[in-house]
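Encoded as structure tokens, the structure appears first; notes follow it.
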Amino acid sequence: MAGLRAAIELAEAGTVLVVAKDSLRESSSEYAQGGIAVALSDDDEVELHEQDTLYAGDGLCDPVAVRTLVEEGPAAIQELIEWGAAFDREGNKLAFTREGAHSRDRILHAHGDSTGREIARTLYQKACSLPNVTFRSFAATTELLLEDGVGGATMYDAKTQSEFPIRARAVLLATGGLGRVFLNSTNPEVATGDGVAMAYRAGAEISDIEFVQFHPTALAVEGAPRFLLSEALRGEGALLRNSHGERFMERYHELLELAPRDVVARAIVSEMALTGTPHVFLDLTHRGESFIRERFPRIYETCLQYGVNIGTDAAPVAPAAHYAMGGVRTDLEGRTNVARLFAAGEAACTGVHGANRLASNSLLEGVVFGIRAGRAMRETKGTDLPVHDAQERNMGTVGPVPGLRRRIQRIAWEKCGILRAAQGLQEARSELETLAPQLPEERSIHQVALLIARCALAREESRGAHFRTDYPGARDAFARHSIISRDSDVTWG
Ligand SMILES: Cc1cc2nc3c(=O)[nH]c(=O)nc-3n(C[C@H](O)[C@H](O)[C@H](O)COP(=O)(O)OP(=O)(O)OC[C@H]3O[C@@H](n4cnc5c(N)ncnc54)[C@H](O)[C@@H]3O)c2cc1C
């Protein structure tokens, strides 16, 4: 989403190539269900959206970035509607729903629970209508070409098992999230943090990477993917029950099921430990099967595929890695500290989410900051195309090391996951440092897991989604952003 939106903005300045390592549709945007937050309803205000975002970010949001997001959001959404995005309506009016920690009904959705797919479809159609935008799928970017800043990238073509260079006046990293660094994740397989890993290797600053949001309610069925059961289900009244059938959220937070995600995730972990079971249950059955099927068609059908009818039965759920608040550090125009390297969307850290993301703010971030990055990239118009001596090379001999990917993911899940402590984080760091993966995606998850371990170890407090059992409270000394780069250990800014 962020990449397509930036490409549309940039197209008037020259030729734009949009690259995706899988099919163009395979992305987190495609799977985003619940919706997109925007202060557009009659009883909502930009200031209220701003306050809710700042509150969720637990003292770490960049206030100017938040203001930019909530102020520019409404126009960005109106534009999507003009381009054909069909958000759900009640009569003629847009239909807004509520999600956790929002003080108003401000979540727009499309086809019930296929919001991201509808926005991505709209952006793709728009981008296709622009002659300057071309696409290349199944080509993974593996490395940035460096020469007095960034001057292109190398791509890996899985079909020919070869790596080839592409020159560019500027590069935008819009590679999405990093959920697949962890063993359990709601993210698609492409979300391996490649942008963060490549940027780090190129000398870019990475910020707040220790803040990973674990979604409390992913489907927990043996052998099934960790399919997300959107927060919108709880917004519509779904209840959490432990394996004894008891509601438990009243013991953890006054907002019960709609408490902030990190609180709900930790409450579930605690109930799972208390009852000795690998999941709890999410129960919306009191709303009736026909309502559920109509309001959440995709979730209903997908759960059914894995043997769970959420219309008649409570679904087994457990937390899973979901969203990265941190990423490649940028200014409000997507610029990084490396010349001609930009980042937007989940791969970037604008400071908009602070220590915890407010539900449904990420799609909005992708659109708003995609526009801004695309505009800023136009300034590179007129720059000579860089010359590189990078050559095409055959990668046929590099194969996966059996079990390595899973080993890295298990270390990240068990030692850098929902509950963290110095000992586990140190162990994670030492174990990861003994590994040397060669394949592009394995290198990425390894690199990002190490960055998370190092920054989580340095942040000796609990804040937002980062919870240290050995430092369970927030500390003023850490009310700052972590910054790490190839050339410098963790600093605070
Ligand atoms: C299941 C799920 C549900 C969600 N629901 C919501 C929601 O309701 N509301 C909300 O606001 N947010 C939601 N989120 C979060 C939101 O979807 C993401 O934060 C957002 O879509 C990210 O957009 P993006 O453009 O940054 O990245 P993506 O949409 O993930 O796109 C990244 C693209 O980069 C490509 N790519 C990655 N690495 C490489 C590489 N090395 N070379 C080439 N291409 C590469 C990928 O193939 C992909 O095309 C959800 C996330 C998930 C996983």
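The values are calculated or read from the model by the stated rules, or taken from the named source; none is laboratory data. Computed from a predicted structure; not experimentally measured. Note that each Cβ is placed from the backbone with ideal geometry, even for glycine, and that neighbours are counted across all protein chains shown.
Look through the stretch 200-223, keep the residues that are out of contact with any helix residue (DSSP H, G or I) (no Cβ under 8 Å at 6 or more places or on another chain) and of a type in the set (A, V, I, L, M, F, W, C), and return whichever of them is surrounded by the fewest Cβ atoms within 10 Å (Cβ to Cβ).
Looking at the filtered set, the residue picked out is 221.
Applying the selection to the stretch 423-469, what residues are part of a helix (DSSP H, G or I), more than 19 Å from the chain's Cα centre (by Cα) and of a type in the set (A, V, I, L, M, F, W, C)?
425, 428, 432, 457, 458
Could you check, for the stretch 167-190, whether at least one of its residues is surrounded by fewer than 19 Cβ atoms within 10 Å (Cβ to Cβ), over 16 Å from the mean Cα position of the chain (by Cα) and within 14 Å of the ligand (Cβ to nearest atom)?
No: the stretch 167-190 contains no residue that is surrounded by fewer than 19 Cβ atoms within 10 Å (Cβ to Cβ), over 16 Å from the mean Cα position of the chain (by Cα) and within 14 Å of the ligand (Cβ to nearest atom).
Please go through (1) free of Cβ contacts under 8 Å to residues at least 40 places away in the same chain; (2) away from the ligand (no atom under 12 Å from the Cβ) for residue 239 and return the number of the only condition it doesn't satisfy.
Status for residue 239: all satisfied but (1).
Of all strands (runs of 3 or more DSSP E) completely enclosed by the stretch 160-225, which ones contain at least 1 residues that are closer than 19 Å to residue 456 by Cα?
Numbers: elements: 162-167, 171-173, 212-219.
Per the criteria, 212-219.
Looking at the stretch 198-234 only, could you name the residues that are in contact with a Gly (Cβ under 8 Å, 6 or more places away or on another chain), within 10 Å of the ligand (Cβ to nearest atom) and not polar (S, T, N, Q)?
Within the stretch 198-234, 231, 232 qualify.
So for the stretch 115-128 (the condition being over 16 Å from residue 2 (Cβ atoms) and among the hydroxyl-bearing types (Ser, Thr, Tyr)), does at least one residue qualify?
No, there is no match, as no residue in the stretch 115-128 is over 16 Å from residue 2 (Cβ atoms) and among the hydroxyl-bearing types (Ser, Thr, Tyr).
If you go through the stretch 37-48 one residue at a time, do you hit one that is more than 18 Å from residue 231 (Cβ to Cβ), in contact with a Ser or Thr (Cβ under 9 Å, 6 or more places away or on another chain), surrounded by fewer than 19 Cβ atoms within 10 Å (Cβ to Cβ) and at pLDDT 95 or above?
yes
How about the stretch 470-493: which of its residues are out of contact with any Ser or Thr (no Cβ under 8 Å at 6 or more places or on another chain), surrounded by 12 or more Cβ atoms within 10 Å (Cβ to Cβ) and in a loop (DSSP other than H, G, I, E, B)?
470, 475, 479, 480, 486 - these are the residues of the stretch 470-493 that are out of contact with any Ser or Thr (no Cβ under 8 Å at 6 or more places or on another chain), surrounded by 12 or more Cβ atoms within 10 Å (Cβ to Cβ) and in a loop (DSSP other than H, G, I, E, B).
Considering (1) over 25 Å from residue 371 (Cα atoms); (2) buried (at least 22 other Cβ atoms within 10 Å of the Cβ), say which one residue 148 fails and leave the rest.
Residue 148 satisfies every listed condition except (2).
Of all residues in the stretch 75-104 being without any contact (Cβ under 8 Å) to a residue 12 or more places away in the chain and part of a loop (DSSP other than H, G, I, E, B), which is farthest from residue 124 (Cα to Cα)?
Once the filter is applied, the top-ranked residue is 91.
For the stretch 287-323: of the residues being over 23 Å from the mean Cα position of the chain (by Cα) and β-branched (Val, Ile, Thr), which is surrounded by the fewest Cβ atoms within 10 Å (Cβ to Cβ)?
Across the stretch 287-323, the extreme among qualifying residues is 312.
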